[in-house]
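Take a look at the structure set out below.
The values are calculated or read from the model by the stated rules, or taken from the named source; none is laboratory data. This one's a predicted model, so the numbers in the text were calculated from it and none came from an experiment. For neighbour counting, all protein chains shown are included, and Cβ atoms are generated from backbone atoms with ideal geometry for every residue, glycine included.
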Amino acid sequence: MLTTSAIPAAVDPREFLADQGLFGPSDDQIAAAGRVLVAAQDTVETATGRPLGARAVEFAAIAGLGCRWFSPVAPMAEVTSITWSHRGSAPVLVDPAGYWLEAAHDEPQIVFDAAALSAIADGARLTIAATVGADLETSRSAAVQAVRLIAGEWFNAALAVEEFNAARLSMGAWRLIKQARYRRPAEWDSA
């Protein structure tokens, strides 16, 4: 998945610092908190398969493996375009009337009709442009809370004197991540 637009922050650095008990933070503290929050958000999004905040992306897939393609992330707000190319040919736009999005919020899948599939060469590279991720106002609170917990652990570890293992996440963070996790059932299906 290639992200082609800005990734919105799930947690504001100033709010995060206030949660950590730092009021009136310096610019350096805000920047440091921002970096920790970006890393924590990336960790949670990767672990859950649910982008926090809408963004434009592109997926690559190989055609000819079925008529139903499952997105590796959820939710998917819209399919912007689908193109295909084969053996170095110029990209060909797939007619939007030849495919549709189903179960966009829970298990996003793009279904191709027979006419669209017959126009695409088997083994061709598909490029699927889409908007994924929920609006931050409606994003799963468990995932956003996991970002806050993980960032708090990492931020406080940088301030701590004793040794800290940042590679291990707390039990609370893992439970929140598991609540929000999405896994696609397959890449392609023939049904």
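So how many residues does the range 13-28 have that are outside any helix (DSSP H, G or I) and exposed (fewer than 14 other Cβ atoms within 10 Å of the Cβ)? Total meeting the criteria: 4.
For (1) in a helix (DSSP H, G or I); (2) at pLDDT 95 or above; (3) surrounded by 15 or more Cβ atoms within 10 Å (Cβ to Cβ), each residue gets a yes or a no:
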| residue | (1), (2), (3) |
| --- | --- |
| Glu58 | no, yes, yes |
| Leu65 | no, no, yes |
| Ala77 | no, yes, yes |
| Ile82 | no, yes, yes |
| Trp100 | no, yes, no |
| Ala104 | no, yes, yes |
| Ile110 | no, yes, yes |
| Leu126 | no, yes, yes |
| Ala129 | no, yes, yes |
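Just so you know, in the range 29-38 the residues that are closer than 19 Å to Ala143 by Cα and not aliphatic (A, V, I, L, M) include one that is surrounded by the fewest Cβ atoms within 10 Å (Cβ to Cβ), and it is Arg35.
Reported count of residues in the range 36-87, each being farther than 9 Å from Val132 by Cβ and of a type in the set (A, V, I, L, M), is 15. A Cβ distance below 6 Å, combined with a sequence gap of six or more or placement on separate chains, defines the contacts here; from the range 91-118, residues that are over 14 Å from Arg68 (Cα atoms) and of a type in the set (A, V, I, L, M) reach no residue that is assigned to a loop (DSSP other than H, G, I, E, B) and modelled with pLDDT of 95 or more.
Pairs are defined by a Cβ separation below 7 Å, a sequence spacing of at least 6 or placement on different chains, a first member in the range 155-178 that is under 16 Å from Ala40 (Cβ atoms), and a second member that is at pLDDT 65 or above and not in a helix (DSSP H, G or I); the pairs so defined are Phe155/Gln20.
If you go through the range 29-49 one residue at a time, do you hit one that is part of a loop (DSSP other than H, G, I, E, B), in contact (Cβ under 8 Å) with a residue 12 or more places away in the chain and under 30 Å from Trp174 (Cβ atoms)? Looking through the range 29-49, at least one residue is part of a loop (DSSP other than H, G, I, E, B), in contact (Cβ under 8 Å) with a residue 12 or more places away in the chain and under 30 Å from Trp174 (Cβ atoms).
Rundown of residues vs (1) assigned by TED's automatic domain parsing to the domain that holds Asp12; (2) over 17 Å from Ala116 (Cα atoms), yes/no style:
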| residue | (1), (2) |
| --- | --- |
| Ala33 | yes, yes |
| Thr43 | yes, yes |
| Phe59 | no, yes |
| Ala63 | no, no |
| Gly66 | no, no |
| Glu78 | no, yes |
